[in-house]
Every structure is written in C-alpha cells, then in structure tokens.
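To keep things clear, I will list the structure first and then write my remarks on it.
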Amino acid sequence: MNLNVQNLGFAHGRTATLEGISATFEAGRFSVILGPNGAGKSTLLACLAGLQKPNSGTARLGDEDITAMPAPTRAKRIGLLPQGADTHWAITSEALVALGRIPHLRGAGASADDRRAIAAAMHATATDGFAHRPITELSGGERARVLLARVLAGEPEWILADEPLANLDPGYQLDILDLLRQQAREGKGVVAVLHDLHHAVRFADHIVLLHHGSVFAQGAVDDVITAQNLANVYGIDAHLSKDEDGATQLLIKGKMRS
Amino acid sequence: MTSRFMTGLLLLLTLAALLLSLMAGKVWIWPMSWAADNADGWIFLELRLPRALLGFCIGAVLGLSGAVLQGYLRNPLADPTVLGVSASAALGGVLAIFLGINLVPFGLFGCAMIGAGASILLLLAIGRGGGPIGFILGGMVLSTLAGALTAFVISIAPNPFAASEIINWLMGALTDRLMEDVLTALPFMAIGALLLLTTGRALDALTLGENGAKSLGVDLFRLQWLIVLGVGLSVGASVAVSGVVGFVGLIVPHLIRSFYGEQPSCILVPSALGGAILTLTADSLVRLIPGPGEMRLGIAMAVLGAPFLLLLLIRYRKGPA
C-alpha cells in the first residue's frame, strides 16, 4: 500500500502553490518532506491528508482517490499530527489521546477496543505516567508525546506529521523522531514535514525535496541531500561525508556567496 | 463519580430553583394551595407556572448555547450574543411594537423570530467557508447593525409611551407571560437545543484546532450549520418571548467548567441545567426585592454578571498566558 500523488497542482488564496507534483510514499518507510519556507511542504501534506482538494492531478491511497473517500473512512486510515501544539482546553492527557478514537466511535461511549487502543498509544509514547494531568500543565516534550499518542490511538495505517519538532528541545525532538521511526519499522507509513536537515539525514528512509511548489529532487537520502541540491534550494554551503559507520554526516558551513 | 455526584446535585438544585420560582413573589404560594380554587390557585396556574417554565427553558437554552459557542470558537469569553441572533431578534420585536403588530396574537413573537431567521440566513451566507473567524466577524456586523437600527426605531418612536414600551421589552423580563407564550416558544427552543446537543463530539475534536478536527473526519461545515440553526432557533425564541437576557450564556459554562473539567462535550447538559438554575433564581429574586415595581430580569442579570466578568478577567490574566 502506498500514498501517492500524480501531477498534483494546488492554488488557493494565500497558501503556497503546488505544481506538477508526482511522488510516492511507501508504507514501512519514514518519508520526509523538506524544502525552504513557502515551498509548499504543509500544503502537500494537507493534500495527502485529504484536508485540501487539489486543483489538478490526484492524491491516492493505494488506488483510492483520497478526496473522494468518506471523511470518517479517511480519518481511520490516515492520521494527521497538525502543525502547532495548541490545545484549546485544559483537558487531561488521557482525554486528549481519546480524541484520536473519534473516527471509530459509534453511539455514545468508548468500547473495550477504544480503551485498549488508548492505553496502547499512551504506553508506546510513555505518556501513561501523566494520564490524568491536564495537558496545559505538561512540559513541551511531554505535550508533544501526548499529541503523537493521540494520532496513534486512532490506529491509522498512515501517520502524517506537520513539523512535529517545532519548539522542542533537542532531546525531545529525538524522542519524537524515534517514535515515528519505530512506527515505520512496525509497518506504518510515516510522512513528516521537517525543517532540520540533520534530522532528515539521520532518520529519513526517503526524502522529497520541494522548491517553489515543485519537486526538486526525491529518493534516498544520499541522492537528495547533495551539496549541489542544498546550494540550489537553500542557498547554503554544505559539506557531506561518511563517518566510520557509513552514516552520512552533514556539516553546514554557511550561506553561499553569490 | 464526582461528575455523577455533581449532576445529581445540579438536578436537585434545578428542582429547588423551580420550586422557589413557583412559590416566590409578592404573594408566597405554598404547594398546598397550588390546586386551590381561589386567588392563590389562579395566580399559580396563570402566572407562576408559565413564568417558571419559561425561566427554566430560557435559562437552559442560554446556558447550552453559551457552552456550545465557547467550545466552537474556543474562546471562553464568547456568549450567545456574539452571533448577532439576539440583536436581530430584538430588532424584529422592537419593530413589531413600533408598528403595533404586537397587538395581533403572536405578532411580536413572529416578528422577533423573523429577525432571528434573517440573521441565521445572513450568517450562513457570510460565514460560508470562513471558519470561526468569518463567523464571529459576521456576528459582530449583524449585532452592530441590528443595534443601530433598534436605536433608530426607538428614536423615531411617535410618543414617549411607545418608546418606553420598547425599552421595557428590550430589557428582558419573564413577567406576565401566558401559557400560550410558553407553548409557542417551546418547540423552537426544543429543536434548537436538540441540534446543539449533537455537537459535543465535534466540539471535542476542535480542541486540536481546525485541521486536527478535520483530520478526525469532523465536517466543520455541518457543525457550523448545526450551531447557527440551533442557536438561532433557541436563542431567537428566547429573545422573542422574553427580551434580551444577557450573561447567563457567558457565566454558566465557566462555573460548570470548574466542576466538570474543560472538555466541551462534558459541559453541555450541565450548562443547560446551570443556566436554568441561575435564571430561575435570579427571576425569583427580582420578585422579592421590595419596591413599587419589579427590577427587570435582564438588568438584574447584568448587575450580577458584570462583577463576575471582572473576576473572570482577573483570574484569566493571572493564569498561564
């Protein structure tokens, strides 16, 4: 099963424009969407999540058109961790995680299945320790894990995360990245919009690099993150090397002088 | 457990407030004379009973609308007046009095409901696809416009009598309402309240923001319709029958939240009960204040509500930013 877009175009109001995007995201891989501000990363993710309807081209889950899927069905299969960690009411962590079950709820109460999924999601993210604390009293790192647990609780096949690391300390960022990678290892499809190139190099199995609303490069890390591509897209002077374990090391030296 | 206990307590308090409203007044009427075949029995049946029923319904509808709107706009300072439905219904009522349509049976009620209906249609047209922000701005435009037109009608009232009648009605009261008034307003309020009660899960989902809610399969467009129709019908009918009674929809959800937690779906029914308790109690108190006339309920509520709002603002500023 894959998530793919073919020749996708999108233009609406003030959101970033997309043009002629074709890309395929495979389940079981940690895919990362990169690109400078305004390149259209979040817009592409919104199209994949079915929140935005493309003006042209298609966005498909397997061979089903995502925009044509009934919203509850889509919500069960594709989970989205939206940008920004805003939560508007001081509800408990557990109540927040339980929101992830909304697509599955029928009738009034939560079923045994719902409760099991909530417990499993909180266990996987190590958030069960503060299940009954209000979300507003948690640290940034704890809150980020609770929000991720909310997505996991819905047991989607796909997890889309829009800048899940924003405003987190380095340790907390790695927590979230580890959790996302773990999900991919377990067979889910993971697509994340990231800003930090080092994280992308370190964690991604597949990268789509956007520039001005089009795909500039896509593929494995070493094919996409090249000094030439980084210079062209970000205007930065970067040095790439392999360490003794064969892992790619990225060193950003500065802005390119033009 | 605690919330079950709280709900039991709220039900008891609602019952107590209903009883108080049935008994209290210049003449106290104890339950043994409710069925009596004398003046007391008549006062009970013709005055107290409709008044208490109306107080219950209006309070419940205002509390519920407030809870739903605060949840939808994710703003604890929203109240049923933000949509402009109250102001539009009030304008309809004022026009009815000005044109003398209030002398026709159901004339006042009908005109006020037309006002509310017009605001519903306008809101749906303006707020289309705009989300909560478009919605709240549309409501502000409507409120301002309807308020200005209301002031205009008062200013051109043919004589002081007419002006004072309009102003008196605007201030909101439950006095001298007949059983017919109650029965006319009841279906609108009931339908509106039922629509609003279905929004709980979608409001919960909005805790995660609009994109979060959409990704959970919540249809925000449908939610907007439900809220506009629900608030429009129920609050419109409450204004049509009793004038504008403020603050209930603002205060009650806050009080309820401090006992039930902040999850939007958990406070809907309790807010309705709380609204009924507050309105019934305030309406009983205005009857008991000694003096020649009665203090209008709308005024009493504002007098009670303003200090509370101040308290709220202070607490809000102290709280986490």
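The values are calculated or read from the model by the stated rules, or taken from the named source; none is laboratory data. Since the structure is predicted, the reported quantities are computational estimates derived from the model, not experimental observations. Using ideal geometry, Cβ is built from the backbone for each residue, glycine included, and neighbour counts are taken over all protein chains shown. Accessible surface areas use protein heavy atoms only, side chains included; no ligands, DNA or RNA. Shrake-Rupley method; radii C 1.70, N 1.55, O 1.52, S 1.80 Å.
See the values below:
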read-out	value
Residue that is within 22 Å of B:ARG257 (Cβ to Cβ), assigned to a helix (DSSP H, G or I) and touching a Gly at 6+ places or on another chain (Cβ under 8 Å), where the choices are B:LEU122, B:LEU69, B:LEU142, B:LEU91	B:LEU69
Segments classed as strands (runs of 3 or more DSSP E), wholly inside region A:157-255, with at least 3 members that are at pLDDT 95 or above	A:158-162, A:189-193, A:206-211, A:214-219
Matching entry among B:LEU73, B:LEU83, B:LEU77, B:LEU95 (being crowded, with 24+ Cβ neighbours inside 10 Å and in contact with a helix residue (DSSP H, G or I) (Cβ under 8 Å, 6 or more places away or on another chain))	B:LEU83
Search result, residues across region B:258-317 that are within 30 Å of A:SER93 (Cα to Cα) and of a type in the set (Val, Ile, Thr)	B:ILE267, B:VAL269, B:ILE314
Condition met for A:ASP113 (more than 14 Å from chain B (Cβ to nearest Cβ), open to solvent by 20 Å² or more (accessible area, probe 1.4 Å) and under 28 Å from A:LEU138 (Cβ atoms))	yes
Residue tally, condition more than 29 Å from A:ALA49 (Cβ to Cβ) and open to solvent by 50 Å² or more (accessible area, probe 1.4 Å), over region B:191-207	3
Set B:GLU262, B:GLU210: member being within 14 Å of chain A (Cβ to nearest Cβ), surrounded by fewer than 20 Cβ atoms within 10 Å (Cβ to Cβ) and not hydroxyl-bearing (Ser, Thr, Tyr)	B:GLU210
Qualifying residue in region A:70-82 (condition: polar (S, T, N, Q) and under 18 Å from the mean Cα position of the chain (by Cα))	no
Residue match in region A:77-92 (condition: assigned to a helix (DSSP H, G or I) and modelled with pLDDT under 95)	no
Residue list for region A:41-73, filter: farther than 21 Å from B:VAL218 by Cβ and touching a His at 6+ places or on another chain (Cβ under 8 Å)	A:ASN55
From the options A:ALA68, A:ALA90, A:ALA46, residue that is surrounded by fewer than 21 Cβ atoms within 10 Å (Cβ to Cβ) and either under 13 Å from A:ALA161 (Cα atoms) or facing another protein chain (nearest Cβ under 7 Å) (or both)	A:ALA90
Number of the exception - A:ARG60 against (1) more than 10 Å from every other protein chain (Cβ to nearest Cβ); (2) in contact with a Leu (Cβ under 7 Å, 6 or more places away or on another chain); (3) not small (Gly, Ala, Ser)	(2)
Index of the failed condition, A:ILE159 passing every other in (1) buried (at least 20 other Cβ atoms within 10 Å of the Cβ); (2) over 11 Å from the mean Cα position of the chain (by Cα); (3) at negative phi	(2)
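To keep it simple, each residue is scored yes or no on (1) surrounded by fewer than 20 Cβ atoms within 10 Å (Cβ to Cβ); (2) within 13 Å of A:VAL32 (Cβ to Cβ).
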residue: A:PRO170; (1), (2): yes, no
residue: A:ARG185; (1), (2): yes, no
residue: A:LYS188; (1), (2): no, no
residue: A:HIS195; (1), (2): yes, yes
residue: A:HIS198; (1), (2): yes, yes
residue: A:GLN228; (1), (2): yes, no
residue: A:ASP237; (1), (2): yes, no
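Residue-wise test of (1) at pLDDT 85 or above; (2) surrounded by fewer than 17 Cβ atoms within 10 Å (Cβ to Cβ); (3) at negative phi.
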| position | (1), (2), (3) |
| --- | --- |
| B:PHE135 | no, no, yes |
| B:SER143 | yes, no, yes |
| B:GLY147 | yes, yes, yes |
| B:SER155 | yes, yes, yes |
| B:PRO160 | yes, yes, yes |
| B:ASN168 | no, yes, yes |
